[in-house]
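The values are calculated or read from the model by the stated rules, or taken from the named source; none is laboratory data. Remember, it's a predicted structure, so these values are computed and weren't measured experimentally. Positions of Cβ are generated from backbone atoms using ideal geometry, with glycine treated the same way; all protein chains shown enter the neighbour counts. Heads up: the accessible areas ignore ligands, DNA and RNA and are worked out on the full protein's heavy atoms, side chains in. Shrake-Rupley method; radii C 1.70, N 1.55, O 1.52, S 1.80 Å.
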Amino acid sequence: MDQPARDHAATAGAGGLSHVEFATPDSAEHDRWSLAHPLLFLKAWAAHPLRMGSVFPSSRSLCQRIVRVAWPTPGKCVLILGAGTGVVPQAFLEARLAPERLVVLEIDPNMAAHLRNRYPGVTVIQGDARTLPDLLPERFQGRIGSVVCCIPLVMLPEAEQRRFIDAMNAVAPGRGFVHYSYCVTSPLPARKLGLSGSRKAWTPLNIPPASVWRYSAL
């Protein structure tokens with residue numbers, strides 16, 4: 001698919017897309033979604049449960065809603081923090097985002113190695129998102145059009161939440177970020193953090209049911 005096709009309807013900009021077409025996965029790709037590498041995921045969860053947030057990987061339904069909300073403007077890249085086993089990057093690729101426009105960060109070395117093997121062409125960074133400005137390769141400076149935060153910020157104290165938010169703003173100033181949560185209400189104290197937040201999507205087809213939020217600076 002050529003570049004204009006990959007940017008289909010992308011004129012919707014930072015507010016996301018009302019419609020995205022996803023490729024129909026073949027049997028091998030379907031296995032990626034249905035299995036989601038449970039042993040790798042559960043091993044990481046057992047070692048660091050606060051990093052993972054849930055014992056279950058995000059469902060395809062949730063990932064597709066994230067893609068619709070976080071689709072970048074033409075020529076810009078998507079940055080995913082806390083990519084885990086890779087189900088969120090998989091959804092962007094199924095929506096025809098070019099691999100070279102996708103940057104994923106994962107703190108767990110085993111998961112980062114898994115992501116590199118699973119997604120050739122995607123830039124995979126292993127490290128702590130709080131040091132994101134030092135980790136992002138120079139070639140992506142000024143090119144991040146959308147940030148997806150898969151890190152369970154709700155479990156962190158406010159000071160740590162601010163560190164993650166400051167790091168995201170440093171590499172994508174003025175872009176805000178997309179964040180998903182299992183909370184009924186906003187997972188972040190938005191106004192205390194100098195943010196405005198709105199719930200953009202919700203899916204009961206996730207375990208547990210989840211909401212997709214977009215946050216931006218006040």
* **Test result for GLY86, surrounded by 21 or more Cβ atoms within 10 Å (Cβ to Cβ), within 18 Å of the chain's Cα centre (by Cα) and at pLDDT below 50** => no
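Here is a yes/no grid of residues against (1) of a type in the set (A, V, I, L, M, F, W, C); (2) closer than 22 Å to VAL67 by Cβ; (3) open to solvent by less than 20 Å² (accessible area, probe 1.4 Å):
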{"residue": "GLY127", "(1), (2), (3)": "no, no, yes"}
{"residue": "VAL148", "(1), (2), (3)": "yes, yes, yes"}
{"residue": "GLN161", "(1), (2), (3)": "no, no, yes"}
{"residue": "PRO173", "(1), (2), (3)": "no, no, no"}
{"residue": "GLY194", "(1), (2), (3)": "no, no, no"}
* Asked: In region 69-83, how many are of a type in the set (Gly, Ala, Ser), on the phi < 0 side of the Ramachandran plot and either surrounded by fewer than 24 Cβ atoms within 10 Å (Cβ to Cβ) or not in a helix (DSSP H, G or I) (or both)?
  -> 1
* State yes or no: is ASP108 in contact with a helix residue (DSSP H, G or I) (Cβ under 9 Å, 6 or more places away or on another chain), more than 25 Å from GLN64 (Cβ to Cβ) and open to solvent by 10 Å² or more (accessible area, probe 1.4 Å)? => no
* To do: Would you check which residues across region 67-81 are under 11 Å from the mean Cα position of the chain (by Cα) and farther than 19 Å from THR203 by Cβ and list them?
  => VAL78, LEU79, LEU81
* Which of the residues that make up region 204-218 are modelled with pLDDT of 95 or more and open to solvent by less than 40 Å² (accessible area, probe 1.4 Å)? -> SER211, VAL212, TRP213, ARG214, TYR215
* Six or more apart or on different chains, Cβ under 7 Å: which pairs go from a residue in region 125-141 that's without any contact (Cβ under 8 Å) to a residue 24 or more places away in the chain and farther than 21 Å from PRO99 by Cβ to one that's among the hydroxyl-bearing types (Ser, Thr, Tyr) and open to solvent by 40 Å² or more (accessible area, probe 1.4 Å)? Could you list them? => none
* Does ILE66 count as aliphatic (A, V, I, L, M) and open to solvent by less than 10 Å² (accessible area, probe 1.4 Å)? -> yes
* **Scope region 134-146; condition out of contact with any strand residue (DSSP E or B) (no Cβ under 8 Å at 6 or more places or on another chain) and either open to solvent by less than 80 Å² (accessible area, probe 1.4 Å) or closer than 14 Å to ILE80 by Cα (or both); matching residues** => GLY142
* Structure fact -> Counting only residues that are open to solvent by less than 40 Å² (accessible area, probe 1.4 Å) and either charged (D, E, K, R) or not in a loop (DSSP other than H, G, I, E, B) (or both), region 175-192 contains a total of 5
